[in-house]
Structure formats: C-alpha cells, structure tokens
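Only one structure is covered here, and it is reproduced in the block below.
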Amino acid sequence: MKRVSGATLPRGFRFAAMNCGLRRPPRFDLGLILADQPVAAAGVFTQNLVQAAPVVVSRRHVQAAASRMRAVIVNSRNANAATGEQGMAAAVATADAVAQKLGCEREQVLVCSTGVIGMPLRVERILRAVPAIVNAATRDAPAFDDFTRAIMTTDTRPKWAVARCRIGGKNIRLLGCAKGAGMIHPQMATMLGYVVTDVAISPSLLQRALSTVTQTTFNAITVDGDTSTNDTLLLLASGGAGNRPILRKGIGYKNFLVALEQLCHSLALQIVADGEGARRVIEIEVRGASSDRAAGQIARTIAGSSLVKTMFAGGDPNWGRILAAAGRAGVKFDPSRTDVYMSGTLTCRGGMEAPFSETRLHQRLSRDFVPVVVNLNSGEGHARVWTCDFTADYVHINASYRT
C-alpha cells in the first residue's frame, strides 16, 4: 500500500502511536499528534444528543484555546461514551496527563476516543503510557503511518490524503487521516478525522474553512444511517510555511479552502469505500430540484435507503426503488418529469421505464464505482451524496461488534 512521504509532512508537527493495553499487542490503540509550538485549532463535532465525554471536553478546549493548541491524543477500542461522570473524569485526566508532560494548560490538549459504547475506559493504561508516547513523537512519515493505524476500529485499511496550495509565494502543505467504516451518517464530520497544515491563518477563518468544507464532504456521505456519539473532525494549523497570515476571505483563503476541500473529499470517499462489508461506492447526484437544499434532502434519502443499497449489492437495475425513495424525501416534485440514470444508462424517463439492456447494465452496476443521476427537471437545485452498498458482511460484522 502507498505510504506518506516525508516531503508531504506539514512543518511544525510530530506523531506517535503505541499499544497501551486497550487492545492485544502488537496492535496500536493510542495515537498522538504533537505541535512543536502552540497552533491554531478548529473542530466540528457530532450533533447526536448522546455525546461521548471526549467530545464534550474537546469542544470546550477548542473554544477556550483555539489559538494555542498543543496536542491531540486519541485511543481506540473504547468510545468512552455513555460512561457518566467516570467517563468525563477519564477524558479530563487524559488531557491533564498530556498537558503536564508538555508543560502547558489542560485546554491546550484535545482528547478523542473510538470503539465500543458503554464500556468503562481503562484510563489508567492510557495515563501510564502518556510519558512514553510523548517522548516517542517524531516528525517522520512512519510515525504518521502508525498514527493512522492506531485510530482504526473495523476499518480494513488506513485512510489518509494530502493536498498542496500556494499562498503569497509560499508552499502550503495539508495532511489528513480519518477512521470510519460503520456507524457513518455524519451530521458534522466523520467518526474521527484529523488534518494538519503549516498555513498561517487566524483561528476564526480556520474554523470557517473547516465548517464550510464539511458540508460538501463528510456531511455528504452515509454508510448505514447511524450518527456516531464520537464524531470529531479537528484541523490544526502551525503557520510553519511562513506565509503572511490569512486574516480575511481573500485569494489566500480561497486557495486554502480549495485544497482543504480536496483533501476532505478524498478522506470522505475513502470512508465510504471502506464501509463495513462494502464492495462499491455509489454516487447519488440529484439535478433539477427547486433548490440545492431540496436536492440534498432527496439525495440523502436515496443514499440512506436500505432497499437501494441492497439493490446495488446485487447489481440489480431496480430503478423503481430510487424513484420511490426520492418520493418519500419530503420534497415536492413532479414524478412524471423525473429521469433516472444508472451508470450512464437511462432507466426511467418521465417517471416510467425506459428501454435498456438489463444484462449490460447489471455488469456496469457491478463495478467499484456506480454513478446515479436523478433529474427532476424542475429547477436549478443540485446536490451529490456518496454511499456504499449493503452486503451480508455488514450484518456479520455488527452482529458481534462487542463480543
């Protein structure tokens, strides 16, 4: 598998990973991102009413120390969600331990967890490991590779992406990674995602950029319709590139926004492609709606339909399921004006079947990437959403996730 090269690493960050005892060795279960100096930080978090303790803590820390963040520490195997006061104390203790080692304030440390919900976190194992993982942090590609593996749960492979742009004659580097394969129906981000960059930018514009690109990337994917209790996407900017700080929404901000969206789009599609039991990525594009918002609502309804997703698992050109899902999206449109294309083949014209070869279309629907276009022919609204097929493997994985 292709790996990150040292030339792509943004300046100002170090990485580390290790096994602290939450998993059986030698699998990593603890990861660290360490900033050499205080950096700008931004974050978006789950909108699920049930929120894990580290989500609550990290949201507070981003608000309190957005211009002077030092570290992100994340454990896998245990979500530290639905764990009450004990779980909150564990998240705070983790931040305290890292802060003490770095000589900074608690609020300058972000804490994340992923894994099984409702199980007490054996935080003492994390606390014992903090000095070692901080000492082990290095600014090389293998350390980042290890970090991408430390955050995995049911993922079958690490997910990472790079992007570049130029601002004021300076080369800006962006590097990101994410984890997620199931419980993916984000209303903010993905399950866990981390992006580091060496651009110099104000914390407020960094937050604006992250919130903006999230809407068309991580918020535009679904695997199974379930929103995690731990969804967190964090963006850290060191300023190490030496560009003049971005303080307003000019050309520099736009260039950075394009690069950030490119990176986040790549990570989001990697999550869909690695959906639990998935064999193919499905792109749902809705055109001709009354508004972009209406198009998005229809696209998300189609993408979240179990009948549609199981249809694609078998490569079955049952276009009626797509039209039916669109019809229950809560958006008014005229079915008699609606066309449906599957893998470039017109299957429905004006709400009725169009002639096509089922055999040939079945072959196209069995590819790794399947585009679907639903044209309502009623306006200028447009949206894209990405999902994956539902296979029996998804059931097998989730029938025994805890045991």
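The values are calculated or read from the model by the stated rules, or taken from the named source; none is laboratory data. Quantities reported herein were computed from a predicted structural model and do not represent experimental measurements. Heads up, the Cβs are rebuilt from the backbone with ideal geometry, glycines too, and the neighbour counts pull from every protein chain shown. Note: accessible area is taken over every heavy atom of the protein model, side chains too, but ligands, DNA and RNA are not part of it. Shrake-Rupley method; radii C 1.70, N 1.55, O 1.52, S 1.80 Å.
Observations on the structure shown:
- Filtered residues of the range 39-56 (kept if over 24 Å from L247 (Cα atoms), surrounded by fewer than 24 Cβ atoms within 10 Å (Cβ to Cβ) and aliphatic (A, V, I, L, M)): L49, V50, V56
- Of all the numbered requirements in (1) open to solvent by 60 Å² or more (accessible area, probe 1.4 Å); (2) in contact (Cβ under 8 Å) with a residue 12 or more places away in the chain; (3) out of contact with any Pro (no Cβ under 7 Å at 6 or more places or on another chain), H362 misses one, and that requirement is (3).
- Considering residues of the range 120-131 that are open to solvent by 50 Å² or more (accessible area, probe 1.4 Å) and either among the hydrophobic types (A, V, I, L, M, F, W, C) or not in a helix (DSSP H, G or I) (or both) only, the residue farthest from N78 (Cα to Cα): L127
- Screening R248, R280, R293 for residues that are in contact with a Lys or Arg (Cβ under 8 Å, 6 or more places away or on another chain) and either on the phi > 0 side of the Ramachandran plot or touching a residue at least 40 places away in the same chain (Cβ under 8 Å) (or both) leaves exactly one candidate, R280.
- When the residues of the range 311-327 are filtered to those that are closer than 18 Å to A383 by Cα and within 27 Å of the chain's Cα centre (by Cα), the one that is surrounded by the fewest Cβ atoms within 10 Å (Cβ to Cβ) is A325.
- No other residue among V50, V74, V4 is under 14 Å from R125 (Cα atoms), β-branched (V, I, T) and either in contact (Cβ under 8 Å) with a residue 12 or more places away in the chain or not in a loop (DSSP other than H, G, I, E, B) (or both) apart from V74.
- Residues of the range 59-80 satisfying the condition of being farther than 16 Å from G115 by Cβ and either charged (D, E, K, R) or open to solvent by less than 10 Å² (accessible area, probe 1.4 Å) (or both): R59, R60, A65, R68, M69, R70, A71, V72
- Scanning the range 252-301 for residues that are open to solvent by 30 Å² or more (accessible area, probe 1.4 Å), over 17 Å from the mean Cα position of the chain (by Cα), within 25 Å of A209 (Cβ to Cβ) and small (G, A, S) yields a single hit, S291.
- Considering the range 77-104, and only residues there that are in contact with a Lys or Arg (Cβ under 7 Å, 6 or more places away or on another chain) and outside any helix (DSSP H, G or I), the residue that is nearest to D29 (Cα to Cα) turns out to be R77.
- Considering residues of the range 47-84 that are touching a helix residue (DSSP H, G or I) at 6+ places or on another chain (Cβ under 6 Å) and of a type in the set (V, I, T) only, the residue farthest from V109 (Cα to Cα): V57
- Options P355, P371, P335; residue that is open to solvent by 60 Å² or more (accessible area, probe 1.4 Å), under 20 Å from Q297 (Cα atoms) and modelled with pLDDT of 95 or more: P335
- Conditions (1) in a loop (DSSP other than H, G, I, E, B); (2) open to solvent by 30 Å² or more (accessible area, probe 1.4 Å); number of the one not met by E107: (1)
- Top-ranked residue of the range 1-33 - restricted to ones that are of a type in the set (A, V, I, L, M) and surrounded by fewer than 20 Cβ atoms within 10 Å (Cβ to Cβ), ranked as modelled with the highest pLDDT: M18
- Enumeration of residues in the range 100-118 that are of a type in the set (G, A, S) and closer than 15 Å to D155 by Cβ: G115
- D36 open to solvent by less than 10 Å² (accessible area, probe 1.4 Å), at pLDDT 95 or above and within 18 Å of Y194 (Cα to Cα): no
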